[in-house]
Amino acid sequence: EAGAEACQVVVNFAGYPREARSSAFFGRQLPPASSFADRDALLSALQDWCNDPQGAEGTYGHVSTWCVSLVTAMNGLVNNANTACVNTFNDDISAWDVSAVSTFDQMFYTATAFDQDLSAWDVSKATSAGSMHHTFYGASALSDCNKRVIYDSWTSQTGAWHATTANNEGNWGSLCQF
């Protein structure tokens, strides 16, 4: 697919037995990761993933390996995918290359299951407050420690990320003392 050459995906097999750390994971060949050129293509795949993860994995590869480096907008992504995503999506997407994304507003809005550390994401292209508006608003499963590491990382990258105004959840910088 277009843009596949732009992606280099590293799958984290930490915690799995050594014999499972290969492309023949649990005796089956892993499909190649899919590459997405825009938000609509990614949204469609995410809808498939939330409705039928096993079927979507056969089509697109595991969600953690998807190449999203060409996507420039992720606004409302989980929120708009479908009810299944809002209520169940909690996959590790920390390896996604979001460095081209300029709009994250409402990406995880009301996502009641999501609790992943996205502090490694490069969100520096989001430069206006509107581009980060309510990114995690109502994401009730997001732990205080994940909120804190996301806050620390994202505020150091862009002035657009202000947890006190963008998320209406208080000052994340004071959560989960290290």
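Coordinate-derived values only; no laboratory data. Keep in mind that what you see is a predicted model, and the values were worked out from it rather than measured. Reconstructed Cβ throughout: ideal geometry from the backbone, glycine too, with neighbour counts over all protein chains shown.
Which FRET efficiency value, to the nearest 0.05, is calculated for residue 171 and residue 110 with the Förster distance at 22 angstrom and r the Cβ-Cβ distance? Kindly include the intermediate steps, with their values, before the conclusion.
Details: r = 21 Å, r/R0 = 0.97.
Working from the Cβ atoms, E equals 0.55.
Provide the gained length on full extension for the span residue 90 to residue 38, in nm with one decimal, where the gain is 0.36 nm per separating residue minus the Cα-Cα distance.
Numbers: separation 52, 0.36 × 52 = 18.72 nm, distance 2.17 nm.
Between residue 90 and residue 38, full extension yields an extra 16.6 nm.
In terms of the Cα gyration tensor, with a ≥ b ≥ c the square roots of its eigenvalues, is the range 53-132 rounded because a/c is under 1.5, prolate because a/b exceeds b/c, or oblate? Please report the intermediate quantities before stating the final value.
On the way: a/c = 1.85, a/b = 1.31, b/c = 1.41.
Oblate, since a/c reaches 1.5 and b/c is not below a/b.
If you plug each phi of the range 81-93 into the Karplus form 6.51 cos²θ - 1.76 cosθ + 1.60 with θ = phi - 60°, what whole-Hz ³J(HN,Hα) values come out, in order, with x for Gly and Pro?
4, 3, 4, 4, 5, 4, 8, 10, 5, 8, 7, 6, 10
For residue 121, which sequence-distant residues (separation of 5 or more, or a different chain) have an amide H within less than 5 Å of its own amide H, given hydrogens modelled in the peptide plane?
Answer set, sorted by chain and number: none.
Compute the Cα gyration tensor for the range 111-155, then decide on rounded, prolate or oblate, letting a ≥ b ≥ c be the square roots of its eigenvalues: rounded whenever a/c is under 1.5, prolate when a/b is larger than b/c in the other cases, and oblate in all that remain. Before the final figure, lay out each step's value.
On the way: a/c = 2.29, a/b = 1.37, b/c = 1.68.
Taking the square roots of the gyration eigenvalues as a ≥ b ≥ c, the range 111-155 is oblate.
Apply the a/c threshold of 1.5 to the C-alpha gyration tensor of the range 88-127 and tell me whether it is rounded, prolate or oblate.
On the way: a/c = 2.73, a/b = 1.47, b/c = 1.86.
The shape class here is oblate.
For a quick check: with amide H placed at 1.01 Å from N, whose amide H comes under 5 Å from residue 35's, ignoring anything fewer than 5 positions away on the same chain?
Amide H neighbours of residue 35: 67.
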